[in-house]
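S.K.: Structure below; questions to follow.
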Amino acid sequence: MTPAHQPQPVVIVGAGPAGASLAMLLAERGVPVTLVEAARDFQRQFRGEGLMPSGLAALEAMGCGPLLARLPQRPLSAWSFQLHGHELFRVEEPLEGDRACTLISQPALLDALLERASRASGFGWKPGVAVVDLIESGDRIAGVVLSDGSRLGASLVVATDGRSSLLRQRSGLELERRSSPIDLLWFRLPSHPRFEGDNVFTMLLGEDGSACSLFHGALPGELQLGWVLSGGERIERSPEAWGEAFAALAPAWLANHLRQVAPAISTPLKLSVQVGCCSRWHRPGLLLLGDAAHPMSPIRAQGINMALRDAIVATNHLLAPLLAGDATAIDSSLEQIEAERVPEIRRAQALQQQEARQAQLLRRSPLLRRALVQLAPLLGERIAHSWRQRQIPLRLGLAKIQLTV
Ligand SMILES: Cc1cc2nc3c(=O)[nH]c(=O)nc-3n(C[C@H](O)[C@H](O)[C@H](O)COP(=O)(O)OP(=O)(O)OC[C@H]3O[C@@H](n4cnc5c(N)ncnc54)[C@H](O)[C@@H]3O)c2cc1C
């Protein structure tokens, strides 16, 4: 370990939103930080793009407002729920205040955070190399082993390596799973002029219980579509067969478009969704953050927002002990970070689960769906009001988070 009273070196593993933002905040405040990322760049095929007002506010608190304005992005204009090709209700964005849920290009955002971090003299960047193990010294974690065989010593290792975190497994910190994992297929397809002017997050539920959601992503001309996989469903289908499956759930104008663009539908990417929270987020010298500590469901775009909020809270607690070089104080601050973050994470996951249960109920009950289609003209507005009220806590965050250092 570096002698006490000197800033202590930190290794952050994984440059997703949690790792990249924490690295930037600590490095800018004088902490020597090395950020290790298994991928060579941020152009990976998939990372959710939806930022809620709570995540946009977190980026602004980090001083990223001007940078944010320059990134490829697209706000949502509304949310629409369609059953058997009929609109049950539509709710306009922004639901409250003046910030709409916004799709932001994640490679561009992560590049921008990294670019800012790189201006700090103590920042080191190691892309294209995976961490394969932890180094232990007595009862402390003292660094990491990289896939090229080299070793990096650190007074603190922060594991922000995502929902399948290797470091969580290596550390023995246990994940309590909240619900059974589901699989999603992710597609990209050419946009329709209607989405260009009116970017509605559209949820479609068909007569056979099939479900998908689609919206215009951050990049020009591209729709994104998430298909909920039922157990045993065949995924080896031609693009035309997928186009037909999507069209069967859609109103006529959208069904026509989906059939027309079918040859250009991308090969689907299978994404496993798991949800949970570790019963303990830390060991001496090691902290889990972001999805590594609490993998989030994609429902109502929470994970990036929570990851950014984790980074702010971690910076508040870690900065002083890291600068002072006090190992005991570093370890106590890990407890404080977990204690501050757990209530919001658990509440957000419970609200997401509530939404998931309602969707599941609708998917499984043709009777309920038919009744809702019949009653939509009478009850649509009431259902929309109740949905809207349920969303507000998920958009604004469930705790007061401020960057105080
Ligand atoms: C289908 C789906 C859609 C989603 N959509 C949204 C959305 O629209 N909005 C939203 O807010 N959230 C969404 N989420 C959740 C969101 O993606 C995550 O919660 C968020 O990315 C977590 O950020 P993170 O920084 O903790 O981890 P990640 O973003 O997963 O980043 C982890 C990083 O660690 C790197 N890594 C992994 N292992 C190693 C290793 N051994 N060594 C070095 N590097 C490593 C990975 O390459 C990766 O870059 C979605 C999730 C899913 C599954």
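S.K.: Check whether at least one residue in region 258-280 is within 10 Å of the ligand (Cβ to nearest atom), part of a helix (DSSP H, G or I), in contact with a Lys or Arg (Cβ under 7 Å, 6 or more places away or on another chain) and touching a residue at least 60 places away in the same chain (Cβ under 8 Å), and report yes or no.
M.R.: no
S.K.: Ok, one more. Got at least one residue in region 138-146 being among the aliphatic types (A, V, I, L, M) and surrounded by fewer than 17 Cβ atoms within 10 Å (Cβ to Cβ)? Quick ask: steps written out before the conclusion?
M.R.: Initially, region 138-146 is screened for residues among the aliphatic types (A, V, I, L, M), giving 141-142, 144-146.
So of that shortlist, the ones also surrounded by fewer than 17 Cβ atoms within 10 Å (Cβ to Cβ) come out as 145.
Taking every residue of region 138-146 in turn, at least one turns out to be among the aliphatic types (A, V, I, L, M) and surrounded by fewer than 17 Cβ atoms within 10 Å (Cβ to Cβ).
S.K.: For region 71-79, does any single residue satisfy the condition of being in contact (Cβ under 8 Å) with a residue 12 or more places away in the chain, surrounded by fewer than 20 Cβ atoms within 10 Å (Cβ to Cβ), farther than 15 Å from Val200 by Cα and not aliphatic (A, V, I, L, M)?
M.R.: Within region 71-79 (the criterion being in contact (Cβ under 8 Å) with a residue 12 or more places away in the chain, surrounded by fewer than 20 Cβ atoms within 10 Å (Cβ to Cβ), farther than 15 Å from Val200 by Cα and not aliphatic (A, V, I, L, M)), the answer is yes, since at least one residue qualifies.
S.K.: So if I check each of Gly162, Gly153, which one is at positive phi and at pLDDT 95 or above?
M.R.: Numbers: Gly153 fails: at positive phi.
Answer to the selection: Gly162.
Every residue, every condition in (1) more than 12 Å from the ligand (Cβ to nearest atom); (2) closer than 23 Å to Leu166 by Cα; (3) surrounded by fewer than 22 Cβ atoms within 10 Å (Cβ to Cβ), yes or no:
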{"residue": "Pro298", "(1), (2), (3)": "no, yes, yes"}
{"residue": "Gln302", "(1), (2), (3)": "no, yes, no"}
{"residue": "Thr328", "(1), (2), (3)": "yes, no, yes"}
{"residue": "Arg347", "(1), (2), (3)": "yes, no, yes"}
{"residue": "Leu361", "(1), (2), (3)": "yes, no, yes"}
{"residue": "Val373", "(1), (2), (3)": "yes, no, yes"}
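S.K.: Among residues belonging to region 79-136 that are of a type in the set (Ser, Thr, Tyr) and assigned to a loop (DSSP other than H, G, I, E, B), point out the one that is farthest from the chain's Cα centre (by Cα).
M.R.: Taking the candidates together, the pick is Ser121.
The values are calculated or read from the model by the stated rules, or taken from the named source; none is laboratory data. It should be emphasised that the depicted structure is a prediction, and the values quoted were computed from it without experimental measurement. So basically every Cβ, Gly included, is an ideal-geometry build from the backbone, and we count neighbours across all protein chains shown.
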